[in-house]
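Undergrad: A single structure is presented below for examination.
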Amino acid sequence: MSVRKFIAPTARQALREIRNELGEDAVILSNRSTEQGVEILALGNEDIARMTGKFAASTGRPAMPEVQAQLVKTVVPPTAGNEDILGEIKSMHSMLQQQISAMSWNDVQRADPQRAGLLRRMLNAGFSALLAGQLMDKMPPGKEQGESWIKQVLKRNLRVAGESDDIVTQGGVYALIGPTGVGKTTTTAKLAARAVVRYGADKVALLTTDSYRIGAYEQLKIYGKILGVAVHAVKDTDDLRLTLSALRHKHLVLIDTVGMGQRDERVADQNEMFDAAGVKRLLLLNSTSSGDTLEDVVRMYHSKQVTGCIATKLDEAVNLGAVLDVAVRHRLVMHYMANGQRVPEDLHPANLDYLLHRAIKPAGQMTAFTIHELDFPILMAGGGANSAPSSAGGGSPAFAGKSAMAESGVGYAF
């Protein structure tokens, strides 16, 4: 086993040298400040693998090399077995990696405060570390107008339905899907109102599959009466097929769906029903939801028949980063944005300039969830070694999850 010593002026440079020589899986054993800079002792992953292999192949407890015993004797009892020592080494490795990553992020904040500040703003706005890290890695070094560059990149990668792709213009059969409380019934009425104004009430029909929620059918029926549009309730796949067959002369048929959580087993049944009837879908995304929740919603509802999304409740959302982040990463075409309960006023074509301005504007009042400058190194260090800064792109940080994004085959226009 060979323990390597690395000395560099900064922790960032030392980590880069360790990765270059020992690989991404190198185990850091200790670090300390010296007159020459930062001294780090590291162990190659191959040595750990050999140690583990020897122990697995033996029923005894072979003596540990002297240098390793010296490294761990202050942490574990001298009579401990190999498995205990390896466990302690892994624990030490994790703690030291976090400490060094925090030191490295402090270096980044001092060396490039603008880039670090933009990253904090994006995370505070609700953007994922995955997407924000990609943007920071690709942002040209010394970019004075970093905010403008980020907006331009996001604008190129956010897909918005044009006039020819507009569902009201195209016509057809569309189901509005999404979890409970996202605004499906109100948005259905808003879209129907736009179609009625353009094509007349006799060219529009409304359907509902919601037989669970008390008053759901009655609510849609009230909207239909106001608009002069027929409203039908359907129970199952056969009923849906028969109803759609009878409405085939309509320009636009909109289907309001059952409100249910994205993990409800009925979501799969609903998808099967719409697939069998050839119904296209629009996924409604609640702009007030957290990024994790929106990610789960898209994962559970997304399919080839989902033609796009509508961002709802913009008037209630403090941050818009999460909904835009999900739309970018999942290549969802944004058709409309809804910002209130009024029918039909509070529905508008997706306006990227407005959305990006709201998403990336400087934070107003600080809250308990705001990431502050002093919190930032600790937060980013929590991602492990892969979240430590690297020389990627313009000398900007590399992030945990960056390789996962590359493996997913998702590419962006920078």
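Undergrad: Determine the percent antiparallel among the DSSP beta bridges restricted to region 159-360, to the nearest 5.
TA: Around 10 percent antiparallel, to the nearest 5.
Undergrad: Net charge around Val168, counting only other residues with Cβ within less than 14 Å of its Cβ (Lys, Arg = +1; Asp, Glu = -1)? Please report the intermediate quantities before stating the final value.
TA: Values: positive: Lys190, Arg194, Arg198, Lys203, Lys250, Lys280; negative: Glu163, Asp165, Asp166.
Residues close to Val168 contribute a combined charge of +3.
Undergrad: Mind giving me the nanometre distance, one decimal, between the label points for Lys155 and Ile222, set 7 Å out from Cα along Cα→Cβ?
TA: Roughly 4.1 nm, to one decimal.
Undergrad: Excluding Arg263 itself, what net charge comes from residues whose Cβ is under 14 Å from its Cβ, given Lys and Arg +1 and Asp and Glu -1?
TA: On the way: positive: Arg266, Arg299; negative: Asp264, Glu265, Asp269, Asp292, Glu295, Asp296.
Neighbour charge sum, excluding Arg263 itself: -4.
Undergrad: So, one more: Residue by residue through region 162-170, what is 3J(HN,Hα) from phi via Karplus (6.51 cos²θ - 1.76 cosθ + 1.60, θ = phi - 60°)? Round to whole Hz and write x for glycine and proline.
TA: Computed from phi, the couplings for region 162-170 are x, 4, 6, 9, 4, 5, 5, 6, 5 Hz.
Undergrad: Mind checking the dipole of region 210-360: about its Cα centre, +1 per Lys or Arg Cβ, -1 per Asp or Glu Cβ, Debye to the nearest 20?
TA: 440
Undergrad: Residue separation times 0.36 nm, minus the C-alpha to C-alpha distance between Lys5 and Gln36: what's the value?
TA: Length difference between fully extended and current span is 9.9 nm.
Undergrad: Order 337-343, 131-137 from most to least packed using the mean count of other Cβ atoms within 10 Å. All intermediate terms of the calculation are to be shown ahead of the outcome.
TA: Working: 337-343: 17.4, 131-137: 23.4.
Packing proxy ranking, top to bottom: 131-137, 337-343.
Undergrad: Using R₀ = 51 Å, calculate the FRET efficiency as 1/(1 + (r/R₀)^6) where r is the Cβ-Cβ separation of Met300 and Ser148; round to 0.05.
TA: Using R0 = 51 Å, I get an efficiency of 0.90.
Undergrad: Regarding region 181-234, what whole-number volume in Å³ per residue does the convex hull of its Cα atoms give?
TA: Working: hull volume 3.4 nm³, N = 54.
Hull volume normalised by residue count: 63 Å³.
Undergrad: At what distance in angstrom do the alpha carbon centres of region 224-246 and region 250-317 lie from each other?
TA: Each part reduced to its Cα centre gives a spacing of 19 Å.
Undergrad: Next question. Counting only residues 5 or more places away or on other chains, whose amide H sits under 5 Å from the amide H of Ile28 once H atoms are built in the peptide plane?
TA: Sorted by chain and number, the residues that satisfy this are Leu43.
Undergrad: Here is a further query. Once every Cα of region 159-360 carries one equal point scatterer and solvent is ignored, give the base-10 log of I(q)/I(0) from the Debye formula at q = 0.17 Å⁻¹, two decimals.
TA: Log-scaled intensity ratios, in q order: -1.16.
Undergrad: Could you work out how much longer the chain between Asp275 and Gln170 gets when fully extended? Use 0.36 nm per residue separation minus the Cα distance between them, nm to one decimal.
TA: That pair, Asp275 and Gln170, stretches by 35.8 nm at full extension.
Undergrad: Right, next: Count charges around Pro344 for me, please; just the other residues with Cβ under 9 Å from its Cβ, Lys/Arg as +1, Asp/Glu as -1.
TA: +1
Just so you know, all these numbers are worked out from the coordinates, no wet-lab data involved. In this text the structure is predicted, and so the values were computed from the model without any measurement. When we count neighbours, we look across all protein chains shown, and the Cβ atoms used for this are built from the backbone with ideal geometry, even at glycine.
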